[in-house]
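Notes follow the structure.
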Amino acid sequence: MTSIEFCSQLLGLEHSLLKFAYHFNLKRADAKDLVQETYLRALMNQDKYVDTQKFKSWTLTIMKNTFVDNYRSSLRKKTYTDTVDESSFFTQKEPLSPDNPDSEYSALEINRNIEQLKDALRVPFTMYINGYKYSEIADMLNLKIGTVKNRIFLSRKQLMSQLSW
């Protein structure tokens, strides 16, 4: 297929492409933009078109893929604004600080329960809490990474059952 034939067939599909674009629940301007982008991609990939393919199906597939790409891109670019009134932070009744007796009691209780763990569970767990990575803990304790992960998991599980909030 020559370039001229390709372009004439592409332009002949304008109505079908526009109709298909509306299936994506787009506004008129967005649908026309999608058609234009489909034209561009089809022209850029003209060398990939094989004459045995159905031209209309090939072009509609390009449009569908273009729409999906644009949609995913727009999801990544979305930003969300916080609608919380800033004055609500000034009207809180209880301070959110470690000086709160309830939080100190909880921290003391948690630390007491951590100390009650068996050494095999407590040591990797405390190292993990202190910021060590699994691989560092494994190297220092001469254990496999899977064993370290398992012991930390078992430590968490045991602590959760002991504390049972």
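The values are calculated or read from the model by the stated rules, or taken from the named source; none is laboratory data. The structure displayed is predicted, hence computed values, not measured ones. A quick note on method: Cβ atoms are made from the backbone with ideal geometry, for glycine too, and the neighbour counts reach across all protein chains shown.
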Taking Asp102, is it surrounded by fewer than 13 Cβ atoms within 10 Å (Cβ to Cβ) and at pLDDT below 60?
yes
Search segment 120-165 for residues being among the small types (Gly, Ala, Ser) and within 26 Å of Glu109 (Cα to Cα), and hand back the single one that is surrounded by the most Cβ atoms within 10 Å (Cβ to Cβ).
Ser155
Let me spell it out: the conditions are (1) at pLDDT 85 or above; (2) under 30 Å from the mean Cα position of the chain (by Cα); (3) surrounded by fewer than 10 Cβ atoms within 10 Å (Cβ to Cβ), and Lys77 meets all of them except one. Which number is the exception?
(1)
I'd like to verify a number: residues in segment 130-147 that are of a type outside the set (A, V, I, L, M, F, W, C) and part of a helix (DSSP H, G or I), how many?
6
